[in-house]
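What follows is a short report on a single structure.
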Amino acid sequence: MTEINQDTVIKTTDITKIYRIGNIKVSALRGINLEITRGEFVAIMGPSGSGKSTLMNIIGCLDTPTSGQYFLNNIDISKLNDNELAGIRNKEVGFVFQTFNLLSRTNIYGNVELPMIYSKDRVANKKRRILDAIESVGLSDWIKHRPSELSGGEKQRVAIARALVNGPSIILADEPTGNLDSRTGEEIMLIFQKLNNEGKTIILVTHELDIAKHTHKIIYLRDGIIHGQEEVKKQLSAEEILREMPRLEDRLVENI
Amino acid sequence: MKRLLENIRIAFQALFLNKLRSFLTMLGIIIGVGAVVAMLSIGAGAQQSVIQSVQGIGSNLIIITPGNSGEENNLGARFMLAGQQVKLKADDLQAIERGATLITKAAPVVFNSSIILYSNSSTQSSIYASSEKGLELYNMDIEKGKFYSKSDVSNASNVAVIGQTVINKLFGKIDPIGKIIKIDGKNFKVIGTLETRGTDTFGNDQDDFVSIPVTTAQNKLYGLDSYNMILAQSTSEEVIGEASEEIESILRRHRGIRFGESEDFSVRNQTQILDVISTITNIFTVVIAGIASISLLVGGIGIMNIMLVSVTERTREIGIRKAIGAKNRDILIQFLVESIVLSITGGILGILFAILISVLLSNYTVLDTSITTLPIIIALSFSTVVGLFFGIYPAMRAARLNPIDALRYE
């Protein structure tokens, strides 16, 4: 048994993932050893085909490794069945996707409530927690609106509120700024940085170095193995960048 | 419970989003349930009114007719009977009246059809000839005047009691009591009129007849020495079977039928007739309802079809829900609830549709309908089962989706 530090949220030992496509075996991951401690803000980078989606699926408990062990919050995930994985996802993981993935027919409140609907635990002050989560991303005035009435950045903020509502161990963001313009993307990064300052563990999957530099640590993935990792020496502050970045409408006004 | 309500809310939301599609899908169930319930209510109504009209003839009646209905299908026996000219005569009636202990009264019946004349009006009507006991046996009531008496019967008097339709056709507003009418050219004095009895289940006018003493009909009009049938009334409903058997044995003895030979007459009672009618209408109802339930099946297939489409359309939603922590069972229940909501809503609309149809039918046609709770309960549970049965496969497909693939689905 591997010795696990109390502060360790994620620990993987020699994780591999082999896909079978017909008779061909494709190794997407070839032995990943990773440890992420509580409160860290980590970026996983890598070109397409590097296995970062596969790794993200495993870290997010959407998939299980072919071999190796994965501990999330001291729970061995590797051997769980579909329903147990669903329970872990519900409790321990908050997802933020590139394409937002909100329920289009449900209003903002309903979307943020969704993880609680599938939660086994009886939570007190359910409504309060939902409203708090929505308030933390600054959308309190929009709770009755549908996602289609929101801008891309606002949608992503709803997704973050949804990820927060069950108080997960990790927030897993897969290219969260990929569908947003740079200013809106920076605003999303600002929220992540604030959440991290409040102690949330955030794992960010991205292929943009500028985005990755907002985190503490960058893990480079290539051909299914960790190619290297480095501490970010000069962390970018979304707050500062936003201050210097003129608003789009301001620029338009200047040009007239 | 909370989650079930949530699922029902989601289901209605999904159904309202595609109103036309949901309605068209439900139409199969609406028509199916509507047809089944309407058919069952028509069947129940028909049965009730047939039973009422059989009971309306009189109560606890035993009907004795010449010839054996059991052998009518046997060609040889039929020729034999035709050759023998089997008849029921006055001595048979006397034998029954003397011997039977379980009957209150018995009366002969001769029926025919004759031309009836009064001044310039004429009509063709039924003639029911009986004895003075016929009034009660036939459940008739005198409106004005009186029924013919025992002495009228023994004297073969030319007296007549007439029904309302005959009065309307011949007399109009004139009081018919004491007037002389001609039946097949013979003069008869009208001594009484009968209360109206309306039409029976088959739409026959039950007031279009004239009743005269049986002896008069036999001797003066039709030249008969026999009766068409003999009616008897048992002392109570419970003993009607025994009374029938008693009459049967009296007549066997009286007519000299040896042991082992079959009767040349038949004895039937109202209970048997009602049983036969119930059996026939039940078979009719079940067959029609069975045919109607095929459309319920087709409706169910429609539900399955649309649920499969719905699952495909909402693959991404399923992916989101699963990523966020929905278990396979949660997705299964969500889609199952949706198909059941679809079919139960259809079922309820179908029942309303059936109620509308049967109200219209009983108000605007001769058909009587009777909506009972049983077919409604059956139809509702049937449509629930249809929703469950045809919803389970699409729901299982939804539940089994891999969340990674489902999230990537465009």
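Every number here is computed from the coordinates shown, using simple stated rules; none is lab data. Please read all numbers here as calculations on a predicted model, not as lab measurements. Positions of Cβ are generated from backbone atoms using ideal geometry, with glycine treated the same way; all protein chains shown enter the neighbour counts.
Does anyone have the angle between helix B:373-400 and the longest principal axis of chain B? Alpha-carbon axes, 0 to 90°, nearest 10?
20 degrees
Starting from the eigenvalues of the Cα gyration tensor, five times each then square-rooted, give me the equivalent ellipsoid semi-axes of the stretch A:53-145, largest first, whole Å.
Computed over the stretch A:53-145, the values are 29, 15, 11 Å.
Other chains' Cβ within 10 Å of B:7-19 residues: what's the mean?
1
To the nearest 500 deg cm²/dmol, what mean residue ellipticity at 222 nm is calculated for chain B from DSSP H runs of n ≥ 4 alone, each contributing -39,500 (n - 2.57), summed and divided by the residues?
That comes out to -19000 deg cm²/dmol.
Taking amide hydrogens as modeled 1.01 Å from N in the peptide plane, which residues meet the under 5 Å criterion relative to A:ILE171, leaving out close sequence neighbours?
Residues meeting the amide H criterion: A:GLY94, A:THR201, A:ILE202, A:ILE203.
Where is the GNM fluctuation largest for chain A (alpha-carbon springs, 10 angstrom cutoff): A:ILE36, A:ILE117, A:ILE219?
Comparing A:ILE36, A:ILE117, A:ILE219 in the GNM, the peak value goes to A:ILE117.
Determine the sum of side-chain charges near A:ILE108: Lys and Arg each +1, Asp and Glu each -1, restricted to other residues whose C-beta is under 15 angstrom from that of A:ILE108.
Computed value for this residue: +2.
Evaluate peptide A:98-105: per residue, the Cβ atoms of other protein chains within 10 Å of its Cβ; return the mean as an integer.
That works out to 4 on average.
For the stretch A:27-89, rounded, prolate or oblate, judged on the Cα gyration tensor with a ≥ b ≥ c (square roots of eigenvalues), a/c < 1.5 rounded, else prolate if a/b > b/c?
oblate
Which pairs break 31 Å Cα to Cα here: B:LYS87/B:LYS173; A:LYS25/B:LYS322; B:LYS105/B:LYS144; A:LYS17/A:LYS213; A:LYS127/B:LYS322; A:LYS126/A:LYS200?
Working: B:LYS87/B:LYS173 42 Å; A:LYS25/B:LYS322 27 Å; B:LYS105/B:LYS144 24 Å; A:LYS17/A:LYS213 28 Å; A:LYS127/B:LYS322 22 Å; A:LYS126/A:LYS200 20 Å.
Beyond 31 Å: B:LYS87/B:LYS173.
What are the residues whose amide H is under 5 Å from the amide H of A:GLY60, where those residues sit 5 or more places off or on another chain and H is modelled from the backbone?
Distant-sequence amide H within range of A:GLY60: zero hits.
Of the listed peptides B:131-141, A:24-34, B:153-163, what is their order by residue-averaged count of other C-beta atoms within 10 Å, with the highest listed first? List each step's numbers first, then the result.
On the way: B:131-141: 19.2, A:24-34: 16.1, B:153-163: 21.0.
Ranking the peptides B:131-141, A:24-34, B:153-163 by packing returns B:153-163, B:131-141, A:24-34.
Quick one: work out the % antiparallel among DSSP beta bridges in the stretch B:87-263, nearest 5. Don't skip to the answer; put the middle values down first.
Details: 29 of 38 bridges.
Percentage antiparallel, nearest 5: 75.
At R0 = 30 Å, how high is the FRET efficiency between B:VAL276 and B:LYS89 if r is their beta carbon distance? Nearest 0.05 is fine. Present the calculation step by step, with values, prior to reporting the outcome.
Working: r = 28 Å, r/R0 = 0.93.
The computed FRET efficiency comes out at 0.60.
Just to confirm the number: angle between the C-alpha axis of helix B:328-364 and the first principal axis of chain B, 0 to 90 degrees, nearest 10?
30 degrees
Starting from the amide H of A:TYR220, placed 1.01 Å from N in the peptide plane, find each other amide H under 5 Å away whose residue is 5 or more places distant or on another chain.
The list, which skips near neighbours in sequence, is A:MET45, A:HIS227, A:GLY228, A:GLN229, A:GLU230.
Give me a comma-separated list of calculated 3J(HN,Hα) values for the stretch A:79-88, in order, Karplus coefficients 6.51, -1.76, 1.60 applied at θ = phi - 60°, integers in Hz, x for any Gly or Pro.
With the stated coefficients, the stretch A:79-88 comes to 10, 7, 8, 3, 5, 5, 4, 4, x, 5 Hz.
Can you tell me how much longer the chain between B:PHE111 and B:MET396 gets when fully stretched, taken as 0.36 nm per residue apart minus their C-alpha distance, in nm with one decimal?
95.6 nm
What angle, in degrees between 0 and 90 and rounded to the nearest 10, separates the Cα long axis of helix A:182-197 from the longest principal axis of the Cα atoms of chain A?
60 degrees
Per residue of B:324-334, what is the mean number of Cβ atoms on other protein chains within 10 angstrom of that residue's Cβ?
Numbers: counts 19, 20, 8, 10, 4, 2, 4, 2, 0, 0, 0.
The per-residue average across the peptide is 6.
Please state, as a whole number in µm²/s, the translational diffusion coefficient that the Stokes-Einstein equation yields for the protein assembly as shown at 25 °C and 0.890 mPa s, with Rh defined as the Kirkwood radius across alpha carbon pairs. List each step's numbers first, then the result.
Details: Rh = 33.1 Å.
The estimated diffusion coefficient comes to 74 µm²/s.
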